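J.: Mind having a look at this structure? Questions to follow.
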Amino acid sequence: MVFYGPKFEQGLRLLLEAITEATNAPKPPLSPAAMHEELAELAGLRGRPAFYPYLGSGIGRGARAMLADGRWVLDLALGIGVHLFGHGNLDLIATALRAAASDLVMQGNLIFNREYNLLMKTLMAHAPAGMAHCWLSLSGADANENALKLVRQKRDGRPGIIAFRGCFHGRTSAMAEITDRPDYRIGQPRTFPVTYIPFYNRHDPDSSATALRTLRQTIAHTGDQTAAMVVELVQGEAGFVTAPREFFVPLFEECRAAGIPIWIDEIQTFARVTELFATTLLGLAEYADVITIGKVFHGSAVLFRKEFAPDPALISGTYSGATVPMAVARRIIEKLTTENILGPQGRESQLERLTRDHLERLSRSRPGAVSEVDGVGAMIAFRVGDGSINRTREFIKRCFDSGLILYFGGHQPTCVRLFLPAGILTEEELAEAFQIMERCLA
Ligand SMILES: Cc1ncc(COP(=O)(O)O)c(C=O)c1O
């Protein structure tokens, strides 16, 4: 970004060399006992313990991270899908260091530096056709809140939302009301109508017809009170549940005929489904009115058609993001679109094929242990045993103790979700992860 001169460039080179040296001969900052003490302290501060006894040292190498006590782990959870380029990526660290030298740590919506504009420009150059504008924000739920306002404004204040069974859209009050998990909003009031349509079920040949019938009934009853239909094209928290284009098209046509906008939540799918946008992968751009992204984007954004442009006071906020993640997000998009990661022959597609092969082999060698493989690209899920939450958590915990980080998803049944660091994961590391999983299934 800013060229600070040859002294800065020389200093940056020295810093990167120092980081490489420290990574090659790392010194753990804490003993195992001290790390456990710090994790206990953290649990006290948060009021509940961390999901795993993970406290990073700040040193990482590709798919591996060194914990504060010096133990190395192979990371296929990626902070729930964020770190697509893994840990300690020198390209991203160099970008971050350069951005960190900027005069502003945080950027706002009132004054901003060039990162703000360049990030939006880079993003919009790859956005699905029809998306005319975007607005940056911090978390996925923030972007969704902005999307909700845009669709409601366009629909003259109609409050209702049509969503899908199993959906997850964030944890702000409004997003928790839309998310199909009553157990995530215990003690919270219902303030606007949300109607659920069944999501695609690949085991039910009538799944598409049932969804369409339910949507038609919903529109007939409450269509005139509906602001939008919100959809994850691959359901993330539900366990990487995919659906074909043919499932969505009639539903979207029905909404369009009723004048109901389509809001596509790509917070989880952005950059992880073999294309930058699942909307593009499934050829659904013509139906998308508003799209939200987050996670791999290292911040969040809402993209929208011209007609959804907000009134001047509708969306804003002090912060639009921090300078470092803005610069890093732009570099991530550049890397994704130039390093053979996306597309049918890209690394995400290759890793999907390899992962499916590993799972196929496991299901043959251990009948009943692994089933229900779903997902796409860098997001693949499978069921362990009966899919009970206890069985799944126990498996994930065993894997963690053996040096492999996984995460779960879904709800009765539950599944294991693999978040593949597609930007850097090697075939050997993937094979090693499956060796650990196989041992932990025993
Ligand atoms: C589809 C979807 N929407 C929204 C969110 C909320 O994002 P955040 O946790 O950054 O607020 C998530 C997070 O998991 C998500 O998967």
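FYI, it's all coordinate maths here, none of it is from the lab. Quick caveat, the model's predicted, so the values are computed rather than measured. Ideal geometry is used to build each Cβ from the backbone, glycine not excepted, and the neighbour counts take in all protein chains shown.
J.: Tally Lys and Arg at +1 and Asp and Glu at -1 over the other residues with C-beta under 12 Å from the C-beta of Leu430: what net charge comes out?
T.: Details: positive: Arg347, Arg353, Arg356; negative: Glu352, Asp357, Glu427, Glu428, Glu429, Glu432.
Residues near Leu430 contribute -3 overall.
J.: Where the only charges are on Cβ atoms (+1 Lys, Arg; -1 Asp, Glu), what is the dipole of the stretch 1-96 about its Cα centre, to the nearest 20 debye?
T.: Working: 8 positive and 9 negative charges, 19 e Å.
In debye, rounded to 20, the stretch 1-96 gives about 80.
J.: Further question on the same structure: As a test, work out the antiparallel percent of DSSP beta bridges whose residues both lie in the chain, rounded to the nearest 5. Numbers along the way, then the final one.
T.: On the way: 34 of 50 bridges.
Here the share of antiparallel DSSP bridges comes out near 70 percent.
J.: Let me ask something else about it. Can you sort Trp135, Trp72, Trp263 by how many other beta carbons sit within 10 Å, fewest first?
T.: Details: Trp135 23, Trp72 15, Trp263 27.
The order, fewest Cβ neighbours first, is Trp72, Trp135, Trp263.
J.: To continue, here is another question. What net charge do the residues around Leu76 carry, taking every other residue with its C-beta under 13 Å from that of Leu76, with Lys and Arg at +1 and Asp and Glu at -1?
T.: Working: positive: Arg64, Arg272, Arg417; negative: Asp75, Glu429, Glu432.
Combined, the nearby Lys, Arg, Asp and Glu give 0.
J.: Using R₀ = 25 Å, calculate the FRET efficiency as 1/(1 + (r/R₀)^6) where r is the Cβ-Cβ separation of Ile80 and Met124; round to 0.05.
T.: Details: r = 26 Å, r/R0 = 1.02.
Efficiency computed from Cβ-Cβ geometry: 0.45.
J.: How would you rank Val376, Val82, Val296, going from fewest to most other Cβ atoms within 10 Å of each one's own Cβ? Don't skip to the answer; put the middle values down first.
T.: Working: Val376 21, Val82 15, Val296 26.
Starting with the residue having the fewest Cβ neighbours, the order is Val82, Val376, Val296.
J.: So if I place +1 on the C-beta of Lys and Arg and -1 on the C-beta of Asp and Glu, and nothing else carries charge, what would the dipole magnitude of the stretch 201-292 be about its Cα centre? I want it in debye, nearest 20.
T.: Values: 6 positive and 13 negative charges, 25 e Å.
Computed charge dipole of the stretch 201-292: roughly 120 debye.
J.: If you don't mind, another one. Once fully extended, how much extra length lies between Leu16 and Arg439, figured as 0.36 nm per residue of separation less the alpha-carbon to alpha-carbon distance?
T.: Contour length minus Cα-Cα distance gives 148.5 nm.
J.: Quote the FRET efficiency, to the nearest 0.05, computed for Ser365 versus His203 with a Förster distance R0 of 22 Å and r equal to the Cβ-Cβ distance. Walk me through the intermediate numbers first.
T.: Details: r = 24 Å, r/R0 = 1.09.
Result of the calculation: an efficiency of 0.40.
J.: Which links in Lys7/Lys295; Lys27/Lys295; Lys295/Lys397; Lys149/Lys295; Lys27/Lys397 stretch past 28 Å when you go from one Cα to the other? Numbers along the way, then the final one.
T.: On the way: Lys7/Lys295 34 Å; Lys27/Lys295 30 Å; Lys295/Lys397 24 Å; Lys149/Lys295 21 Å; Lys27/Lys397 26 Å.
Over 28 Å Cα-Cα: Lys7/Lys295; Lys27/Lys295.
J.: Amide H of Ser57 versus every other amide H placed in the peptide plane: which residues, excluding those fewer than 5 positions away on the same chain, fall under 5 Å?
T.: Here Met66, Leu67, Ala68 satisfy the definition.
J.: According to a simple spin-label model (label point 7 Å from Cα along Cα-to-Cβ), what is the distance in nm between Val2 and Val249?
T.: In this crude spin-label approximation the distance works out to 5.2 nm.
J.: Taking H placed 1.01 Å from N in the peptide plane, check which residues at least 5 places from Gly375 or on another chain put their amide H under 5 Å from its amide H.
T.: Thr242, Ala381
J.: Let me ask something else about it. Note the full-extension length gain between Asn109 and Asp156 as 0.36 nm times their separation in residues minus their Cα-Cα distance, in nm to one decimal.
T.: Values: separation 47, 0.36 × 47 = 16.92 nm, distance 2.53 nm.
Extra length from Asn109 to Asp156 when fully extended: 14.4 nm.
J.: With an 8 Å cut-off on Cα pairs and a minimum separation of 6 or more residues, tell me the relative contact order of the stretch 243-321 in percent.
T.: Relative contact order here is 26 percent.
J.: Hey, what number do you get for the chain at 222 nm if only DSSP H runs of n ≥ 4 count, each worth -39500 (n - 2.57), divided across all residues, to the nearest 500?
T.: Numbers: 14 runs with 178 residues, N = 442.
Mean residue ellipticity at 222 nm (helix-derived): -12500 deg cm²/dmol.
J.: Taking 2.2 N^0.38 Å as the expected size of a compact globular protein, what ratio does the Cα radius of gyration of the chain give against it, to two decimals? If you can, show how the numbers build up before the last one.
T.: Working: Rg = 22.2 Å, N = 442, 2.2 N^0.38 = 22.3 Å.
For the chain, the normalised Cα radius of gyration is 1.00.
J.: Through the Karplus equation 6.51 cos²θ - 1.76 cosθ + 1.60, θ set to phi - 60°, convert the phi angles of the stretch 352-362 into ³J(HN,Hα) values in whole Hz; use x for Gly and Pro.
T.: Each residue's phi maps through the Karplus curve to give 4, 4, 5, 5, 5, 4, 4, 5, 4, 4, 4 Hz.
J.: With the contact rule set at Cα under 8 Å and sequence spacing of 6 or more, what percent relative contact order holds for the stretch 106-338?
T.: Values: 428 pairs, mean separation 74.5, N = 233.
Taking the mean separation of contacting Cα pairs over the length of the stretch 106-338, I get 32 percent.
J.: Below 8 Å between Cα atoms, with a sequence gap of 6+, how large is the relative contact order for the chain in percent?
T.: Working: 820 pairs, mean separation 87.5, N = 442.
Relative CO of the chain lands at 20 percent.
J.: Sticking with this structure for a sec: Quick one: net charge around Arg158, please, counting Lys, Arg +1 and Asp, Glu -1 for every other residue with C-beta under 15 Å from its C-beta.
T.: Working: positive: Lys149, Arg152, Lys154, Arg155; negative: Asp156, Asp224, Asp289.
For residues surrounding Arg158, the net value is +1.
J.: Now for a different question. Sort Val328, Val302 so the one with the fewest other Cβ atoms within 10 Å of its own Cβ comes first.
T.: With the fewest neighbours first, Val328, Val302 line up as Val328, Val302.
J.: Also, I was wondering about something else. Tabulate in residue order the Karplus-calculated ³J(HN,Hα) for the stretch 154-166, using 6.51 cos²θ - 1.76 cosθ + 1.60 with θ = phi - 60°, rounded to whole Hz; enter x for Gly and Pro.
T.: Per-residue couplings from phi come out as 4, 9, 6, x, 4, x, x, 10, 9, 10, 10, 3, x Hz.
J.: Could you work out the pair-distance distribution P(r) of the stretch 106-338 from its alpha-carbon pairs, with 5 angstrom bin width and percents rounded to whole numbers?
T.: Going from the shortest bin to the longest, the percentages are 1, 7, 15, 20, 20, 17, 11, 6, 3, 1, 0.
J.: Now for a different question. Mind giving me the FRET efficiency for His411 and Glu41? R0 is 45 Å, r the Cβ-Cβ distance, nearest 0.05 is fine.
T.: 0.90
J.: Return the percentage of antiparallel bridges among DSSP beta bridges fully within the stretch 91-247, rounded to the nearest 5 %.
T.: Bridges in the stretch 91-247 are about 10 percent antiparallel.
J.: Can you list the HN-Hα couplings for the stretch 384-401, worked out from phi with the Karplus curve (6.51, -1.76, 1.60; θ = phi - 60°), rounded to whole Hz and with x for Gly and Pro?
T.: 9, x, 7, x, 6, 4, 5, 4, 5, 5, 5, 5, 5, 5, 4, 4, 4, 4
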